[in-house]
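Every read-out reported here was derived from the displayed coordinates using simple, explicitly stated rules and does not represent laboratory data. Source: prediction; values computed, not measured. Reconstructed Cβ throughout: ideal geometry from the backbone, glycine too, with neighbour counts over all protein chains shown.
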There are 2 protein chains.
Amino acid sequence: MKKHNFSAGPSILPPEVLLKSSEAILNFNNDNLSILEISHRSKSFVDVMERARSLALELLGLEGKGYKALFLQGGASTQFLMVALNLLEKRAGYLNTGSWSNKAIKEAKIFDDVYEVGSSENANYNYIPKGYDIPADYDYFHCTSNNTIFGTQMKDFPKCSIPMVCDMSSDIFSRQLDFTQFDLIYAGAQKNLGPAGTTLVIIKEDILGKVSRHIPSMMDYKVHLSKSSMFNTPPVFAVYTSMLTLEWLKNLGGIPAIEKVNDLKARLIYSEIDLNPLFKGFASKEDRSNMNATFNLVNDDLKETFDTMLKEAGVDSLNGHRSVGGYRASMYNALPLESVQVLVEVMSELETKA
Amino acid sequence: MKKHNFSAGPSILPPEVLLKSSEAILNFNNDNLSILEISHRSKSFVDVMERARSLALELLGLEGKGYKALFLQGGASTQFLMVALNLLEKRAGYLNTGSWSNKAIKEAKIFDDVYEVGSSENANYNYIPKGYDIPADYDYFHCTSNNTIFGTQMKDFPKCSIPMVCDMSSDIFSRQLDFTQFDLIYAGAQKNLGPAGTTLVIIKEDILGKVSRHIPSMMDYKVHLSKSSMFNTPPVFAVYTSMLTLEWLKNLGGIPAIEKVNDLKARLIYSEIDLNPLFKGFASKEDRSNMNATFNLVNDDLKETFDTMLKEAGVDSLNGHRSVGGYRASMYNALPLESVQVLVEVMSELETKA
């Protein structure tokens, strides 16, 4: 039976990306070698790395604007640390919008002084704080664009006179934004980009080199930039699969095209949540995420029935995170509209039954 | 045409591992989902991680002896840093046997005092230093068991009263050793274990917790151990493929079985190097690596002819590293004896021609 994969991450990838990456494991580039067993210094792989790096910048509209792209390892969790090591000299401002922001703050605090410019912790992070100040003498401002666990998403970003750093792990490449407002963007691949195992980092080069500490090589963005993202052996397969996904997105029409589909999917699920009396949304309406819709049953007695119906319809991985409970529909770029339609039909059918 | 893949890394993997990992990208566990798009918290993947961790310990004979295995990201280059962060309080002793040892020393020096207990730099690392002292009041001793670039390999390890840390990236699982003599072993997967993108770390737990510094979460072995190697999203596919390779090795008869084949391959290539007057070996005979045989043509005028013959025979990636020049035959676990036979035939044919 066809599965509708709503996994929060690692999550669904386009079928043609899966097919090509599966083929490349048996025979990459018609060269009778597997993508897993070639040197990362081979021309075939250097081409992959360069194509992935330039596609990332191209799709975000950042080519020729002083930005460079890196494919590193260690996930966003390593970026929490690298951001602080590379940019934090005296003080940084963090917006606390949920678990991931919290972790970023925790890792940065190890080194220097970190200040929460705003937080929605008081309401279990069901909204995005607004109207906070970002002191102009801070080293940088850090925010999380989309909060997978709580289903909130920043629709606007503050005007910021200091470097703005954004963790876009769960919504990069999903919507049009003026990406030049950011100075550093990072994103674990495993939502909109590729398999777990690589992290895209986009850096405006001129923000680097301003801290006094000695930065260990693997933690130093300048070291990775100077080696074109090949300071050490990169995660070859994860980079290749990410490149395939970026090509898929480009062929589709880039971010403007996928944004339309993402808007449709979000409108579909949220209107069902709002109109169906059996469900209530978790996130504040104005801050609802187009990537992760969080909702609960009004009456938990229906849980067993609903879960059985979901299973019968092939709806997979709809469980909410334990901090919120209920359900979470993760609707990343590769999730087809059809899967959301199936989910909404099940929700609507439950109303008829109940 | 069949390729004989002598790549130094990322390198050859067993055909059945490639086949299974390719299939899992389309349909993992007959569950109609790709291994790339399932949650790392799903039972299917937790089982993979646990099986990979326990197979690693089992094959090394370390089960039930106070050791734990982790599959991390960032390569050996990140371990250079993590080892120092987790273990270095006052002073550590490093054996300098080549480029990788050098890099490990460089990263450790950032923090504290590091002392080279021995070095073969004076002879471009063509031998393994012997008879050095390891002060008993040092925090740990660090060595590199096999030096891919220079083709040397430690046959014996010093008796050591302090924790012994070993970078086994390029020869782990290739030969029988008393692995209990080591307290921490690390190895980038991309030689004998799996694709680039994960690093196996084996730790004797009782050596941890003895430094006074605060260790950032992602750099802290205790954090990763406390979360069973799932502190953050692991590199799912690289861990899965590593598990498949460990299963392949176990089915083959484990390290004793593969060691026999590796010995045969090494004897074959080295006897050709020694008997064929056109070639000379680079590494000191007693320290020759069973994984990477380094050799040069006595007369470089034959290079073009030899390279053409290699190409015609399907011998791939035999170029030596620029620090040594000439040729390097990397003969990791998955390289069949047949490939070495083909190479040796070409070398021998060159002698007839010349």
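GNM on chain B, C-alpha springs below 10 Å: top fluctuator among B:Arg91, B:Arg322, B:Arg288? Per the Cα network of chain B with a 10 Å cutoff, B:Arg322 tops the list. The antiparallel fraction among DSSP beta bridges confined to the protein assembly as shown stands at about 55%.
For region A:22-173, the alpha carbon positions stretch 57, 30, 30 Å along the principal axes, listed from largest to smallest.
Collect residues whose amide H, placed 1.01 Å from N in the peptide plane, falls under 5 Å from the amide H of B:Ser119; neighbours closer than 5 in sequence don't count. Amide H neighbours of B:Ser119, under 5 Å, 5+ apart: B:Asn96. Quote the charge dipole size of region A:15-252 about the Cα centre in Debye, to the nearest 20; the model charges only the Cβ of Lys and Arg (+1) and of Asp and Glu (-1). The calculation lands at about 120 debye. Report relative contact order for region A:254-353 in percent, whole number only (criteria: Cα-Cα under 8 Å, sequence separation at least 6). So the answer I get is 33 percent.
Computed about the Cα centre, the dipole magnitude for the protein assembly as shown is approximately 440 debye when only Lys and Arg (+1) and Asp and Glu (-1) carry charge, each at its Cβ. Bridgeable aspartates and glutamates around B:Lys3 (alpha carbons under 13 Å apart, same-chain partners fewer than 8 residues away excluded): A:Asp31, A:Glu37, B:Glu312, B:Asp316, B:Glu338. Residue exposure proxy: A:Val17, B:Val324, ordered by other Cβ atoms within 10 angstrom of their Cβ from fewest to most, comes out as B:Val324, A:Val17. When both bridge partners sit in region A:1-154, DSSP labels roughly 20% of those beta bridges antiparallel.
Rounded to the nearest 500, the 222 nm mean residue ellipticity of the protein assembly as shown from helices alone is -11500 deg cm²/dmol, with -39,500 (n - 2.57) taken per DSSP H run of at least 4 residues.
Ranking of A:Trp248, A:Trp100 by neighbouring Cβ atoms within 10 Å, starting from the fewest: A:Trp248, A:Trp100. Derived from the Cα gyration tensor, the three semi-axes of the equivalent ellipsoid of region A:254-353 are 22, 15, 12 Å, largest first. Here chain B carries DSSP beta bridges of which approximately 55% are antiparallel, counting only pairs with both residues inside.
Of all the options A:Ser242, A:Ser323, A:Ser99, the one that moves most in a Gaussian network model of chain A with Cα springs shorter than 10 angstrom is A:Ser323.
In sequence order, region B:191-206 has phi-based couplings of 10, 9, 10, x, x, 4, x, 9, 10, 7, 10, 10, 10, 7, 4, 6 Hz under the Karplus curve 6.51 cos²θ - 1.76 cosθ + 1.60, θ = phi - 60°, and Gly or Pro positions carry x. Charge dipole (Cα centre; +1 on Lys/Arg Cβ, -1 on Asp/Glu Cβ; no other charges) of region A:254-353 amounts to roughly 280 debye. What distance in nm separates the simple spin-label points at A:Lys353 and B:Val223, each placed 7 Å from Cα in the Cβ direction? Distance between label points: 4.3 nm.
Short-range pairs are left out: with C-alpha atoms under 8 Å and at least six residues apart, the relative contact order of chain B is 23 percent. In order along region A:160-173, the Karplus-derived 3J(HN,Hα) couplings, from 6.51 cos²θ - 1.76 cosθ + 1.60 at θ = phi - 60°, round to 9, 8, 10, x, 9, 10, 10, 7, 10, 3, 10, 9, 4, 6 Hz, and Gly and Pro are given as x. Distance between the C-alpha centers of region B:19-36 and region B:164-212? Whole Å please. Comparing the Cα centres of region B:19-36 and region B:164-212, I get a distance of 29 Å.
Here are some pairs, B:Lys155/B:Lys265; B:Lys265/B:Lys285; A:Lys65/B:Lys109; which of them have Cα atoms lying more than 27 Å apart in this structure? Table pairs above 27 Å Cα-Cα are A:Lys65/B:Lys109. How far apart, in nm, are two points set 7 Å out from the Cα along the Cα-to-Cβ line at A:Glu23 and at B:Asn27? Each label point is offset 7 Å from its Cα along the Cβ direction, giving 1.9 nm. In terms of other Cβ atoms within 10 Å, B:Val223, A:Val165 run from fewest to most in the order B:Val223, A:Val165.
Under a 5 Å amide H cut-off, with hydrogens placed 1.01 Å from N, B:Asn292 pairs with B:Met331 among residues at least 5 apart or on other chains. Note on chain A: the alpha carbon radius of gyration divided by the globular reference 2.2 N^0.38 Å gives 1.01. Converting phi to 3J(HN,Hα) with the Karplus coefficients 6.51, -1.76 and 1.60 and the offset θ = phi - 60°, region A:300-313 yields 5, 4, 7, 3, 4, 4, 4, 4, 5, 5, 4, 4, 4, 8 Hz in sequence order, with x at every glycine or proline. Position B:Asp31: other-copy label points at 3.3 nm, ordered by increasing distance, label point 7 Å along Cα→C-beta. Loop-located trypsin sites (Lys or Arg not before Pro) in region B:120-213 (DSSP state not H, G, I, E or B) with no more than 10 neighbouring Cβ atoms inside 10 Å: B:Lys159. Run through all the Cα pairs of the protein assembly as shown and give the fraction in each 20 Å bin from 0, expressed as whole percent. Pair shares across the bins are 18, 49, 28, 5, 0.
Find the relative contact order for region B:180-234 and round it to a whole percent, using C-alpha pairs within less than 8 Å whose residues are 6+ positions apart.
Reported as a whole number, the value is 23 percent.
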